[in-house]
1. Can you figure out the FRET efficiency of Thr76 with Tyr198, using R₀ = 35 Å and their beta-carbon distance, to the nearest 0.05?
2. If you take the beta carbon distance between Asn232 and Asp123 as r and set R0 to 60 Å, what does 1/(1 + (r/R0)^6) give as a FRET efficiency, to the nearest 0.05?
3. Rounded to the nearest Å, what's the spacing between the alpha carbon centres of segment 478-500 and segment 226-292? Just the number, please.
4. Placing +1 at every Lys and Arg Cβ and -1 at every Asp and Glu Cβ, with all other atoms neutral, what dipole size does the chain have around its Cα centre, in debye to the nearest 20?
5. Label points 7 Å out from Cα along the Cβ direction at Asp169 and Gln332: separation in nm?
6. Three principal axis extents, largest first, for the C-alpha atoms of the chain, in Å?
7. Tilt of helix 96-111 relative to the longest C-alpha principal axis of the chain, in degrees (0 to 90, nearest 10)?
8. For Ala97 paired with Asp422, estimate the spin-label separation in nm (one decimal), with each label point 7 Å from Cα along the Cα-to-Cβ line.
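FYI, it's all coordinate maths here, none of it is from the lab. Source: prediction; values computed, not measured. Cβ placement follows ideal geometry from the backbone for every residue including glycine, while neighbour counts extend to all protein chains displayed.
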Amino acid sequence: MGDYVHLHVHSHYSLLDGLGKLDAMLEHVKGLGMDSLALTDHGVMYGTVEFVKLAEKAGIKPIIGMEGYLAPNGHTQKRGRVDANPRHITLLSQNEAGYKNLIKLSTTAHLQGYYYKPRLDYDLLQKHQEGLIVLSGCLNGDIPRAILENRLDDARKLVEWHLEVFGRDRFFIEVQHHPHIQDQNTVNQALVDLAKEYKVGLVATGDSHYVRPDDAQAHDVLLCVQTGRTVNDKDRMSMLDEDFSIKTPTEVKEAWKDYPEAIDNTVKIAEMCNVQLQFGVNRLPRCPLPPGISAEQMLRKQCEEGLNNRYGKNLPSEAHERLDYELGVITQTGYSSYFLIVADFVNWAKQQDIQVGPGRGSAAGSLVSYLMNITNLDPLEYNLLFERFLNPQRVSMPDIDLDFADDRRGEVIKYVRQKYGDERVTQIITFGTMAARASVRDAGRGLGFPYSFCDRVAKAIPPMTNFADALKGSAELRELYDGDPQARRLIDTARKLEGVCRHASTHAAGVVITDEPLTEYVPLQLSSTSGDEHDTVTQYDMSSVEALGLLKVDFLGLKNLTIIQNTLVRIKKRFGVE
């Protein structure tokens, strides 16, 4: 373990508030000789799985955390300005129990406590305290605010509450070095005094919102994008008065040389935090089966019935051999339940006269899928390969892409929810990121540049091209960059915004089904299209859900599916194709 660890860090998953992308953050930390890093985005766990995978690859120990929002009057109160201004608190997962409690806290904050922000309260924190390490928070934390408002008795009561719930091993008073912020200087001395008075550990953090000091201007533009302001506006949100980069260990140690325990405690906390996420372990839900019948037995039974239904007396000679082979691979890889589950809701949809696509992608190469009525293409007739879909060496779960008539897709999802329970079925989140052209327009608005100028620069970037390639391949863009200082400023700013998450929404197709309640594996939030508490999405994206071994199914809704299928029928009749 190094001699300092950053424990309060925001990535671009703190949407339009953090600038740093995870790979750049980890690369920077590794370059500074540090071997551990925490991720504490605002109220969400969006980047957790990606962060852990990238950190492990980089040889950096990941610490899973979140900066929570504490509602002043309780998380269910949503009536006025006070309720809309929650306090901050830094939460870190010490172990698996802490990680699961962090998931539950974030989920509750979104589904029940959301009011401008996803909010917690002290009762929830106490209920889910196991395995969590708590830092008292930034300048907007409850204890710092009590100090600034001369409510020292309240500050002491808050320290005493945290000690009672978390003890001295899991509660630390958080201090930050932002010398150009006078309130921070005032609070720091009082926090040091409280730490001495109560014999509580002091810990120094940076509240980092971007990677390097030279990212500050681009981060300021990002805040303008968030608030709809420009850099020329007065009395706007800005963090330019202080350095919120991921500082070097030398800088931090120098700032706290009079309080070396504040540095040492970062290492102590990092050593205490040990969460191992399991990747590549399949967690398929249990398909309801009659007593004494295994999933493998039921799958074979349904496939043998499918042979008769599909072929009747015209059974191809290779059908039994191909079926035995596929069932052998499916059994070996543990995916029998997967096929039963998918076949169940596909056939239910067909029974309800919901249009279902004939199948696409590698799943069309599976005889089992054909016999189970999941797909409608005979892989024997067209010599399609099963191995492209599933083979014993495949690490990830097979992918069956399903098309349903758009106007009735919701009925199929509702059926799955009813069968497996609302607590085990939900849709999957997706994140919109700033592509090169979009980042130019966003940066231009934040910088207060004329729309026509920004549009000209954006259109000089070839479609679907990143800045690195565009500056090499577009003579017009290169000319603007080299010859116009305003264009250079715009492009340089936009390059820093490129690839940054701009918003979250519901994936067009992805649905996840779990064997245990969803919050055993993933944090949830409300769907972007609904305020219904039961209309949720995961906070983890598609790749993260797959990495955790959860069953993900693509329910793609096609508006013209009925038209397409009727057209295919007419074409077949025209050319005499059965």
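1. Working: r = 31 Å, r/R0 = 0.87.
Rounded to the nearest 0.05, the efficiency is 0.70.
2. Working: r = 44 Å, r/R0 = 0.74.
About 0.85, to the nearest 0.05.
3. Cα centroid of segment 478-500 versus Cα centroid of segment 226-292: 29 Å apart.
4. Values: 65 positive and 79 negative charges, 291 e Å.
My answer is approximately 1400 debye.
5. Here the modelled spin labels are 4.7 nm apart.
6. Result for the chain: principal-axis Cα extents of 87, 64, 47 Å.
7. So the helix axis and the longest Cα principal axis differ by about 90 degrees.
8. 3.0
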